[in-house]
1. Restricting the search to the range 55-68, which residues are within 14 Å of the ligand (Cβ to nearest atom) and polar (S, T, N, Q)?
2. Out of the residues in the range 232-270 that are over 10 Å from the mean Cα position of the chain (by Cα), modelled with pLDDT under 90 and surrounded by 21 or more Cβ atoms within 10 Å (Cβ to Cβ), state the one that is farthest from the ligand (Cβ to nearest atom).
3. Which of (1) buried (at least 24 other Cβ atoms within 10 Å of the Cβ); (2) charged (D, E, K, R); (3) more than 20 Å from the chain's Cα centre (by Cα) is the odd one out, the single condition Asp364 does not satisfy?
4. Please find, among Lys178, Lys155, the residue that is surrounded by fewer than 22 Cβ atoms within 10 Å (Cβ to Cβ), under 22 Å from Asp122 (Cβ atoms) and among the charged types (D, E, K, R).
5. On the basis of being buried (at least 19 other Cβ atoms within 10 Å of the Cβ) and more than 7 Å from the ligand (Cβ to nearest atom), does Gln278 make the cut?
6. At positive phi and among the acidic types (Asp, Glu): is that true of Asp10 in this structure?
7. Determine, yes or no, whether Ala27 is within 30 Å of the chain's Cα centre (by Cα) and in a strand (DSSP E or B).
Amino acid sequence: MSEIAEIILDGQSYKLPVVEGTENEKAIDINALRAQSGYITLDSGYKNTGATTSAITFLDGEKGILSYRGYPIEQLAEKSNFIEVAYLLIYGVLPTTQELEDFSNKIKMHTLVNEDMRKILDGFPSAAHPMGILSALISSLTAFYPESLNPNQSKEEVDLSIIRLMAKLPTIAAWSYKNSVGHPVNYPNNKLDYASNFLQMMFAFPTEDYEVNPVVVDALNKLLILHADHEQNCSTSTVRLVGSANASLYSSVSAGISALWGPLHGGANQAVIEMLEQIKADGGDSKKFIAKAKDKDDPFRLMGFGHRVYKNFDPRAKIIKKTADDVLSALGINDPILTIAKELEEAALNDPYFVERKLYPNVDFYSGIIYRALGIPTDMFTVMFALGRLPGWIAQWKEMRENKEPIGRPRQIYIGETERNYVPIEKR
Ligand code: CMC
C-alpha cells in the first residue's frame with residue numbers, strides 16, 4: 001500500500017498522499033490541504049518545497065550525485081560535448097549521429113542576429129554590465145519573432161524558438177563583451193563548432209588570424225556541461241514561474257538571466273575572483289579572511305563556499321578543480337590566485353565553523369579561475385554561466401509547458417496591520 005501522511009489540525013486528521021520519485025525521493029502531496037483544512041504551508045526560501053515533478057536532472061546533495069536524464073555528470077563531462085548534452089537535456093535522449101548533426105546544423109543556420117539588434121546594443125553605455133545587456137537583448141528577441149508570444153505555438157514553432165535561442169545567445173553574449181571594451185563586434189563563423197565559434201566572436205581581431213586552441217575549447221565544453229542544468233534553483237524556478245504565465249521562451253529565459261546575475265547565485269563566480277584579488281592585494285593572508293567569514297558582525301562571506309543542496313561536496317567542484325589544474329598547466333599559466341584559492345580551501349575544510357555547517361567549495365570556486373586563464377574577463381563570468389545554463393532553462397520551460405502546469409502563484413501569511421480607517425493628511 002502506498003504511504004500516507006497524516007496531519008492533525010485543530011484536532012482533525014487529514015490524510016495526504018506521499019509521492020515517490022524514481023530515485024526514492026519522497027514528498028507529501030499537499031495539493032488538497034488548503035481546500036480541506038484552510039491551512040497552507042510556510043517555507044521561506046522554498047527549502048523544503050518541491051515546486052514540480054521533473055524528469056530532467058537528479059541531484060542528491062548528501063551523496064554529491066548529479067545526473068542529467070540519468071547520465072552521471074562525471075561521464076558527460078569526460079566523454080560528451082556541450083551540444084550533445086544540450087540535446088540530451090532538451091529532448092530527453094542521447095542523439096544518434098544523424099540527430100546530433102541535424103541539431104548542430106540547425107543551430108548554425110540561426111547564429112546571426114538581426115542587424116537592428118546592433119542598434120539596441122549601440123544604445124548601451126560601454127560601462128553596462130554584460131548580464132544586463134544579455135537579459136535585455138534576449139527579451140528583445142520577442143520583438144523580432146513576435147510569433148513566439150503565442151502560447152499555442154505548435155511543437156515545430158517551439159522547436160524553432162529553441163534553436164534560435166541556442167544559436168543567438170552566444171552571439172549576443174560575445175557582443176555584450178565587445179560593447180564593454182568598445183570594439184567592433186565579430187560575426188559568427190559557421191564553419192566552427194559551438195564553443196570555437198563563441199571564442200572567435202569573443203577574441204578574434206579583424207587584423208589578425210585567430211586560431212582556436214583545442215585546450216581552451218575542451219575546457220569550455222566541460223564548464224558549459226557542468227553548468228547546463230541544476231534542477232529547481234533560483235534562475236530555473238524563475239524561468240518556470242515566468243513561463244507558467246504563458247510568457248514566451250525568450251521572456252522566460254531573460255528573467256532567468258536576471259535571477260542568475262545575483263551574487264548569491266551565478267554572480268558568485270565573479271565574486272570569487274574579486275574576493276581572491278582582494279585577499280592577494282591585502283597580502284595574501286587567507287586566515288584573516290577565514291576569520292572575517294566566521295564573524296557574524298562582518299558581512300564578508302567566503303564566496304564560492306556553501307550550497308543550498310550540496311552538504312558534503314559539490315560533484316561539479318571536484319571535476320572543475322582538476323580542470324583548473326590541467327588548463328593552467330597546459331596553457332603554462334602560473335596564477336597566484338590559484339594558490340590563494342587552494343590555501344583558502346585547505347584552511348576552510350579544516351575549520352570547525354565550515355565543517356559543522358557543511359560548507360564546501362561549490363562549482364563557482366574554481367570556475368572563475370579557469371575562465372580567467374581562458375582570457376575571459378571577470379564581468380563576463382556570469383554570462384558564461386548563462387551560456388552553459390541555457391539548455392537547462394529551455395528543457396525546464398519545455399517540460400513545464402508540456403506538462404500543462406498551472407500558473408505559479410505562492411500564498412503568504414499576512415502579518416501586517418489589521419483593518420483601520422484612512423486618516424486625512426492634515427490629521428496625521
Ligand atoms: N561563508 C561564511 N559563512 C557561510 C557561508 C559562506 N560562504 N555560507 C553559509 N554560511 C553560514 C551562514 O552564515 C549560516 O551560519 P549560521 O547557521 O551560524 O547562521 C550557515 O552557514 C547556513 O547558511 P545559509 O545562508 O542559511 O545557507 P543557505 O542554504 O541559505 O545559502 C548559499 C546557501 C550558497 C547562498 C550560501 O552558502 C552563500 O551565500 N554562499 C556564498 C555565495 C556562493 O558561493 N554562491 C554560489 C552558489 S553555487 C552556484 C549556484 O548553483 O547558484
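The values are calculated or read from the model by the stated rules, or taken from the named source; none is laboratory data. If you're wondering where the values come from, they're calculated on a predicted model, not measured in any experiment. Neighbour counts are summed over all protein chains in view; Cβ atoms, including those assigned to glycine, are modelled from backbone coordinates with ideal geometry.
1. Answer for the range 55-68, where residues must be within 14 Å of the ligand (Cβ to nearest atom) and polar (S, T, N, Q): just Thr57.
2. Ranking the qualifying residues of the range 232-270, first place goes to Gln270.
3. (3)
4. Selected residue: Lys178, the only one of Lys178, Lys155 that is surrounded by fewer than 22 Cβ atoms within 10 Å (Cβ to Cβ), under 22 Å from Asp122 (Cβ atoms) and among the charged types (D, E, K, R).
5. On the way: buried (at least 19 other Cβ atoms within 10 Å of the Cβ): no; more than 7 Å from the ligand (Cβ to nearest atom): yes.
So Gln278 does not fit the description; no.
6. So Asp10 fits the description; yes.
7. Numbers: within 30 Å of the chain's Cα centre (by Cα): yes; in a strand (DSSP E or B): yes.
Judged against the criteria, Ala27 is a match.
Let's see how each residue does on (1) of a type in the set (Ser, Thr, Tyr); (2) within 18 Å of Pro406 (Cβ to Cβ); (3) within 16 Å of the ligand (Cβ to nearest atom):
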site: Ile4; (1), (2), (3): no, no, no
site: Gln12; (1), (2), (3): no, no, no
site: Glu23; (1), (2), (3): no, no, no
site: Lys26; (1), (2), (3): no, no, no
site: Ala35; (1), (2), (3): no, yes, no
site: Asp43; (1), (2), (3): no, no, yes
site: Asn48; (1), (2), (3): no, no, yes
site: Thr53; (1), (2), (3): yes, yes, no
